[in-house]
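Structure first, then comments.
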Amino acid sequence: MAKIAVGTLEFPKVSDLPVEIVERKGIGHPDTICDALAEELSIALSELYRKECGAIMHHNVDKALLIGGIADPQFGGGRMVAPIEVYLTGRAINELNGKRLPVEELAIETAHRWLKENIPNIDISNHIIIHPKLKPGSKDLVELFERFQIKGEIPLANDTSFGVGYAPFNDIETIVYELEKALNSKEFKKDHPYVGEDIKIMGVRNGDHIRITIAMAFVDKYVKDVKDYTEKKEVVTNYAYSLAKKLTDRTVDVFVNTADDPDNESVYITVTGTSAEAGDDGQVGRGNRVNGLITPYRPMSLEAAAGKNPVSHIGKIYNTAAMDMAERIVSEIEEIEEAYCYLVSQIGKPITEPQICDVKLRVNKDIKGIEEEVRKIAQEEIDRLPETWNKFLKRHFRLY
C-alpha cells in the first residue's frame with residue numbers, strides 16, 4: 001500500500017483571492033509545437049519498439065528546440081524568406097541485437113504528419129526543416145529501465161521527482177482553456193480560415209472583473225487590407241466575448257492583438273499562422289502544464305512532460321496521475337469542493353510506491369467521514385500506474 005496522507009486545504013480558494021492570472025499557449029505557439037512534436041515522437045517510438053522489440057524500450061525525447069525562420073507577410077499573401085528549423089533531440093534505443101531501428105527517419109515522418117494535420121499553412125517542403133538528433137541513453141538508466149522488463153515486475157522510477165494536480169477548474173481557467181480550443185477548432189476555422197493556429201490567451205481576474213487578452217496570428221493570404229483585417233478582428237473579438245460570457249457570471253472584457261497600429265498598417269499577419277515563422281522561438285516544457293494551462297496561483301511542476309517515456313518517467317506519469325486523481329476525488333465524492341494531489345518518487349523504486357501521496361481537500365463536512373474513500377480512490381490510481389503508458393499512446397491526457 002502506498003503512503004497516502006489526507007488533509008484539508010488551509011488557504012482560500014484561488015477564485016476567492018483578489019487577483020488571479022491564467023495563461024494558455026495555443027497549438028500553433030512555438031513552445032506548444034515543440035511539446036507536440038516531442039510527444040508524437042515518443043508515441044511513435046513506443047509503437048515502433050512494441051512492434052520490433054515486443055515492449056516499449058528506453059527513450060526520453062523531451063528536448064526539442066524550434067528556431068524561428070524569416071518571413072515577409074503581406075496582405076493577400078506573403079512569403080517565407082528562411083525556413084523554421086526544429087531540432088528533435090534526446091535519448092532513444094536505435095539498435096537491437098545488431099538490427100538498426102529507423103528512429104531518426106521516424107522523427108521526421110512523425111513531425112511532418114503532425115504539422116500537416118495541425119498547422120496547415122506551413123509547407124513542410126519549403127517552410128520548415130526537421131533535424132533529428134537522437135542517441136542511446138546512458139548505460140545505467142537503460143539498465144534501470146530494462147530491469148523490471150526482465151523480471152516482469154512493476155516499472156522502476158527513473159527519476160526522483162514529483163507530480164501535482166488539482167480539480168476542478170474555476171471560471172477563468174475554464175474560459176482561457178475553452179476559448180483557445182474553440183478558436184482553434186476545425187468548426188471555427190471552416191468559416192474563419194484567416195485565424196492562424198498561434199493563439200495565446202492571457203486571463204487576468206481583478207476582483208469580479210476578468211480581462212482576456214488574445215494574441216492571434218492572422219494568415220495573410222486571407223486578409224485583403226487593413227480594413228479587412230480590422231473587420232475580421234472584430235468578428236473574433238465578438239465571438240470570444242460571447243463564449244466567455246457563457247462561462248462566468250463575472251464581468252468580462254476581451255482584447256485581440258493589442259499591439260496593432262492600423263494607421264501605420266502594422267498588424268499581426270503571418271504567412272503560416274504561427275509566430276515561429278519569424279517572431280518567436282520555442283522549446284519543450286516552456287508552455288502549458290499537463291492540464292493545458294499555465295496557472296501561477298496554483299501548484300505546478302516545472303517538468304517537461306511531453307516526450308518523456310510513458311512507462312517509468314515520473315515527470316510524465318506522476319503529473320498526469322495527480323490530475324486524474326484530483327478529478328476523480330472531486331467528481332465521485334459529493335462533499336468535496338476541491339482537491340490538490342501531490343506525488344513524489346524515489347529513483348529505482350517501483351512507480352507504485354511513491355515516497356508520499358499527499359491529498360489536500362476543501363470539504364463542506366468533517367473530513368474524517370470521507371478519508372477512507374479518498375484513500376481508496378488514490379490507491380486505485382496508484383495501482384493503475386503500470387498501465388498508464390497505454391493512455392499516453394491513445395492520447396488520453398492533455399499534456400500541453
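The values are calculated or read from the model by the stated rules, or taken from the named source; none is laboratory data. Remember, it's a predicted structure, so these values are computed and weren't measured experimentally. Ideal geometry is used to build each Cβ from the backbone, glycine not excepted, and the neighbour counts take in all protein chains shown. The protein model used for the area step is the full one, side chains on, heavy atoms only, and it has no ligands, DNA or RNA in it. Shrake-Rupley method; radii C 1.70, N 1.55, O 1.52, S 1.80 Å.
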Can you tell me how many residues in segment 200-222 are among the charged types (D, E, K, R) and open to solvent by 20 Å² or more (accessible area, probe 1.4 Å)? 4
Complete set of residues in segment 97-122 that are closer than 18 Å to P30 by Cα and β-branched (V, I, T): I108, T110, I119, I122
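In this structure, is P18 closer than 30 Å to D208 by Cβ, of a type outside the set (S, T, Y) and loosely packed, with under 15 Cβ neighbours inside 10 Å? Walk me through it before giving the result.
Numbers: closer than 30 Å to D208 by Cβ: yes; of a type outside the set (S, T, Y): yes; loosely packed, with under 15 Cβ neighbours inside 10 Å: yes.
Yes.
Going through segment 154-199 one residue at a time, which ones are assigned to a strand (DSSP E or B) and open to solvent by less than 30 Å² (accessible area, probe 1.4 Å)? Spell out how you get there, then give the answer.
So the first thing to find is which residues in segment 154-199 are assigned to a strand (DSSP E or B), and the list is 156, 162-167, 195-199.
Those that are assigned to a strand (DSSP E or B) and open to solvent by less than 30 Å² (accessible area, probe 1.4 Å): L156, G163, V164, G165, Y166, A167, V195, G196, E197, D198, I199.
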With respect to the numbered conditions (1) assigned to a helix (DSSP H, G or I); (2) among the β-branched types (V, I, T); (3) farther than 30 Å from P18 by Cβ, which one is the sole condition not fulfilled by T272? (1)
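Please work out if P73 is in contact with a His (Cβ under 6 Å, 6 or more places away or on another chain) and within 18 Å of N126 (Cβ to Cβ). Steps first, answer last, please.
Details: in contact with a His (Cβ under 6 Å, 6 or more places away or on another chain): no; within 18 Å of N126 (Cβ to Cβ): yes.
Criteria not met by P73.
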When both residues are 6+ apart or on different chains and their Cβ atoms are under 8 Å apart, which pairs have a first residue that lies in segment 371-387 and is closer than 27 Å to N158 by Cβ and assigned to a helix (DSSP H, G or I), and a second that is open to solvent by less than 70 Å² (accessible area, probe 1.4 Å) and basic (K, R)? I377/R328; E381/R328
Single condition S275 does not satisfy, out of (1) crowded, with 22+ Cβ neighbours inside 10 Å; (2) under 18 Å from T213 (Cβ atoms); (3) in contact with a Lys or Arg (Cβ under 8 Å, 6 or more places away or on another chain): (3)
What strands (runs of 3 or more DSSP E) lie completely within segment 21-113 and have 2 or more residues being farther than 22 Å from E303 by Cβ and aliphatic (A, V, I, L, M)? 70-72, 79-82
Give me a count of the residues in segment 309-340 that are under 19 Å from the mean Cα position of the chain (by Cα), over 15 Å from L156 (Cβ atoms) and either of a type in the set (S, T, N, Q) or surrounded by 24 or more Cβ atoms within 10 Å (Cβ to Cβ) (or both). 6
In segment 351-363, residue farthest from the chain's Cα centre (by Cα) [restricted to those that are part of a strand (DSSP E or B) and either without any contact (Cβ under 8 Å) to a residue 24 or more places away in the chain or under 13 Å from K3 (Cα atoms) (or both)]: I356
Considering (1) of a type outside the set (D, E); (2) out of contact with any His (no Cβ under 8 Å at 6 or more places or on another chain); (3) under 24 Å from G273 (Cβ atoms), say which one P83 fails and leave the rest. (2)
Hits in segment 341-366 (condition: open to solvent by less than 40 Å² (accessible area, probe 1.4 Å) and touching a Leu at 6+ places or on another chain (Cβ under 7 Å)): G348, P350, I351, T352, P354, C357, L361, R362
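Give M300, M323 a once-over and let me know the one that is assigned to a helix (DSSP H, G or I) and more than 29 Å from D225 (Cα to Cα). Write out each step before concluding.
Details: M300 fails: assigned to a helix (DSSP H, G or I).
Unique residue meeting the criteria: M323.
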Search segment 34-61 for residues being at pLDDT 95 or above and of a type in the set (D, E, K, R), and hand back the single one that is farthest from the chain's Cα centre (by Cα). E47
When segment 202-227 is examined, which residues are found to be farther than 17 Å from E23 by Cβ and touching a residue at least 40 places away in the same chain (Cβ under 8 Å)? G207, D208, H209, F218, V219, D220, K221, V223, K224, D225, V226
Tell me which residues, restricted to segment 44-79, are of a type in the set (V, I, T) and touching a Ser or Thr at 6+ places or on another chain (Cβ under 8 Å). I56, V61
